[in-house]
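Chemist: Sending over a structure as structure tokens; questions will come in a sec.
The values are calculated or read from the model by the stated rules, or taken from the named source; none is laboratory data. These numbers come from a predicted model, not from an experiment. All Cβ positions, even for glycine, are placed from backbone atoms using ideal geometry, and neighbour counts span all protein chains on display. Surface areas here come from the heavy atoms of the whole protein model, side chains and all, with no ligands, DNA or RNA. Shrake-Rupley method; radii C 1.70, N 1.55, O 1.52, S 1.80 Å.
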Amino acid sequence: MRAEIVAVGTELLLGQIADTNARWMSEELAGAGIDVTNHQAVGDNLERIVEALRLAASRADVVLVCGGLGPTEDDITRDAIAAFAGVPLVFHAELETMLREKFRRWSAIGAMPNSNLRQASVPEGADWIVPDRGTAPGLALRINGTRLYAVPGVPDEMREMIGGTILPELHALAGGDTIVSRILRIAGMGESAVAERLADLFSSSTNPTIAYLASMGEVKVRVTAKARSRADAEALAEPMVAEVRARLGDVVFTAEDETLEEAVLRLLGSNGRTLACAESLTGGGVGARLTAVSGASASFVGSAVVYTAEAKGRVLGVPEDVLAGGTVTEACALAMATGARDLYGVDIALALTGAAGPEPHDGAAPGTVWVAIADASGFTHARGFVSRGERDRVRRWAEQAGLDLVRRHLEGVRLPGTSLPE
């Protein structure tokens, strides 16, 4: 069974919001054994929505429309579906009763505006999905053999209808097949190098399959298997996951689709160890990523943001002769790590310093990064490299390199060294 998602909303096309709904829907549909073949995004224009629906129905068995079911004049998904199906909109008194009852219960927001009555009209012949959280009913209808569903764009309301009503129905129609994806995440190796090592697996495998996704400082390898049950799909995927791990080695930091900060905190927790940071280049970015993970306080103690040479000396005790030699150096990174370890009394400290650009900083070329660790045993290690690109790219690569250095140290695997140009 093939499905296509049509996201409605001019705000999507203007880049004012990201379409996280489509991603969630795709993941859930895959789990129900349904192949999502295409995504479309279309603005709040009747003719263009109808055109998008016509295209989607021509190449998919199921079309899921998200957004445009609200009460305002620009919420025209109902109108577009009716036009596409060639049927009128029909007002249903029972939906009006449902809407008025919701507003009565939500008395704090006042009486129901008349505009909400638009939500009581649905295309002739369509079933509706009664909302629990919001006011917009979902829609379900058959058009020339295609199943079309429409759900609100509000994420909570969308998930309620997809998970509670639509997925169970589609799972039964799909014959019960389940699609399982395992995500391996890689730090320290580029997408092209990853693809080169896995080229024969990519070209020869049909079930499971392999796909790649690159982002700043990280590559994901997705292994996807389809079978009659989740257990069978997982069993089918596991040998491929093991083969990918064997070929890529210690650049794989997880096979469970966890972030690098989650992996670091997991390793810290399992070893009963604590971590602190000293951040110059990243300005607290690593600390922010770590503390975004629930339960981080069990292992992460704090981060000293020391952006100037004076702060590095005063807060972390970096010696004056080291600072005189430059703050974007191996010596400074190591001194920062040692200072943070002593300041916070932790098992491991991570330091990050560099020149984010676009101009040189303290004698270092733009993009120059140094990361270092120091542990309670007195062990220290630093890595230097150059990251090309804008400031946010340099900072992100620095964060990834620093966290990966901690991860490798905790796992007892190879620690990368300096790769700065001569």
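Chemist: Tell me which residues, restricted to region 300-326, are under 30 Å from Arg266 (Cβ atoms) and either assigned to a helix (DSSP H, G or I) or of a type in the set (D, E, K, R) (or both).
Modeler: Val315, Leu316
Chemist: Which number in (1) in contact with a Leu (Cβ under 8 Å, 6 or more places away or on another chain); (2) under 30 Å from Glu390 (Cβ atoms) marks the one condition that Val241 misses?
Modeler: Result: Val241 passes all but (2).
Chemist: Which ones in region 259-289 are closer than 19 Å to Val315 by Cβ and among the aliphatic types (A, V, I, L, M)? Give the steps one after another, and end with the answer.
Modeler: Step one: filter region 259-289 for residues closer than 19 Å to Val315 by Cβ, giving 274-288.
Selection gives Leu275, Ala276, Ala278, Leu281, Val286, Ala288.
Chemist: Sticking with this structure for a sec: Test Glu320 against the criterion of being farther than 25 Å from Val252 by Cα and at pLDDT below 95, and give yes or no.
Modeler: Details: farther than 25 Å from Val252 by Cα: yes; at pLDDT below 95: no.
No: the conditions fail for Glu320.
Chemist: Does Val65 satisfy the condition of being in contact with a Pro (Cβ under 7 Å, 6 or more places away or on another chain), on the phi < 0 side of the Ramachandran plot and either outside any strand (DSSP E or B) or surrounded by 21 or more Cβ atoms within 10 Å (Cβ to Cβ) (or both)?
Modeler: no
Chemist: While we're on this one: Please specify each residue of region 160-190 satisfying the condition of being buried (at least 17 other Cβ atoms within 10 Å of the Cβ), of a type in the set (D, E, K, R) and in a helix (DSSP H, G or I).
Modeler: Result: Glu160, single match.
For (1) basic (Lys, Arg); (2) assigned to a loop (DSSP other than H, G, I, E, B); (3) touching a helix residue (DSSP H, G or I) at 6+ places or on another chain (Cβ under 6 Å), each residue gets a yes or a no:
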position: Ala214; (1), (2), (3): no, no, yes
position: Ala233; (1), (2), (3): no, no, no
position: Glu243; (1), (2), (3): no, no, no
position: Glu258; (1), (2), (3): no, yes, no
position: Ser270; (1), (2), (3): no, no, no
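Chemist: Can you pull out the residues in region 73-89 that are within 31 Å of the chain's Cα centre (by Cα) and part of a loop (DSSP other than H, G, I, E, B)?
Modeler: Asp74, Asp75, Ile76
Chemist: Working only within region 5-53, note down all residues that are out of contact with any Gly (no Cβ under 8 Å at 6 or more places or on another chain), open to solvent by 60 Å² or more (accessible area, probe 1.4 Å) and in a helix (DSSP H, G or I).
Modeler: Selection gives Glu11, Thr20, Arg23, Glu27, Leu46, Glu47, Arg48, Glu51.
Chemist: Among the residues of region 117-145, which ones are touching a residue at least 40 places away in the same chain (Cβ under 8 Å), over 19 Å from Asp74 (Cα atoms), surrounded by fewer than 19 Cβ atoms within 10 Å (Cβ to Cβ) and in contact with a strand residue (DSSP E or B) (Cβ under 8 Å, 6 or more places away or on another chain)?
Modeler: Scanning region 117-145 gives Glu124, Gly125.
Chemist: Is at least one residue of region 364-377 of a type in the set (Phe, Trp, Tyr), surrounded by 22 or more Cβ atoms within 10 Å (Cβ to Cβ) and in contact (Cβ under 8 Å) with a residue 12 or more places away in the chain? Before the answer, list the steps.
Modeler: Start the filter on region 364-377 by keeping residues that are of a type in the set (Phe, Trp, Tyr), which leaves 370.
Filter once more, keeping what is surrounded by 22 or more Cβ atoms within 10 Å (Cβ to Cβ): 370.
Subsequent filtering for residues that are in contact (Cβ under 8 Å) with a residue 12 or more places away in the chain retains 370.
Within region 364-377 (the criterion being of a type in the set (Phe, Trp, Tyr), surrounded by 22 or more Cβ atoms within 10 Å (Cβ to Cβ) and in contact (Cβ under 8 Å) with a residue 12 or more places away in the chain), the answer is yes, since at least one residue qualifies.
Chemist: Pull up region 340-363, narrow it to residues that are in contact with a strand residue (DSSP E or B) (Cβ under 7 Å, 6 or more places away or on another chain) and assigned to a strand (DSSP E or B), then point me to the one that is surrounded by the most Cβ atoms within 10 Å (Cβ to Cβ).
Modeler: Step one: of region 340-363, the residues in contact with a strand residue (DSSP E or B) (Cβ under 7 Å, 6 or more places away or on another chain) are 340-341, 343-344, 346-355.
Cutting the leftovers down to assigned to a strand (DSSP E or B) gives us 348-354.
Numbers: Ile348: 26, Ala349: 31, Leu350: 30, Ala351: 35, Leu352: 28, Thr353: 33, Gly354: 29.
Among residues in region 340-363 that are in contact with a strand residue (DSSP E or B) (Cβ under 7 Å, 6 or more places away or on another chain) and assigned to a strand (DSSP E or B), the one surrounded by the most Cβ atoms within 10 Å (Cβ to Cβ) is Ala351.
Chemist: Going through region 365-380 one residue at a time, which ones are under 12 Å from His409 (Cβ atoms) and hydroxyl-bearing (Ser, Thr, Tyr)?
Modeler: Ser377, Thr380
Chemist: Which ones in region 146-189 are free of Cβ contacts under 8 Å to residues at least 60 places away in the same chain and not β-branched (Val, Ile, Thr)?
Modeler: Taking region 146-189 as the starting set, the residues that turn out to be free of Cβ contacts under 8 Å to residues at least 60 places away in the same chain are 154, 156-157, 160-161, 164-165, 168-169, 172.
Asp156, Glu157, Glu160, Met161, Gly164, Pro168, Glu169, Ala172, listed by residue number.
For (1) without any contact (Cβ under 8 Å) to a residue 60 or more places away in the chain; (2) surrounded by fewer than 19 Cβ atoms within 10 Å (Cβ to Cβ), each residue gets a yes or a no:
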| site | (1), (2) |
| --- | --- |
| Pro239 | yes, yes |
| Gly249 | yes, yes |
| Ala263 | no, no |
| Glu279 | no, no |
| Gly283 | no, yes |
| Tyr307 | yes, yes |
| Gly313 | yes, yes |
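Chemist: May I ask you to verify whether Leu410 is surrounded by fewer than 24 Cβ atoms within 10 Å (Cβ to Cβ), under 20 Å from Gly188 (Cβ atoms) and aliphatic (A, V, I, L, M)? Write out each step before concluding.
Modeler: On the way: surrounded by fewer than 24 Cβ atoms within 10 Å (Cβ to Cβ): yes; under 20 Å from Gly188 (Cβ atoms): yes; aliphatic (A, V, I, L, M): yes.
Against the criterion (surrounded by fewer than 24 Cβ atoms within 10 Å (Cβ to Cβ), under 20 Å from Gly188 (Cβ atoms) and aliphatic (A, V, I, L, M)), Leu410 qualifies.
Chemist: Being modelled with pLDDT under 85 and under 16 Å from Gly70 (Cβ atoms) is the filter here; which residues of region 94-116 pass it?
Modeler: Trp106, Ile109
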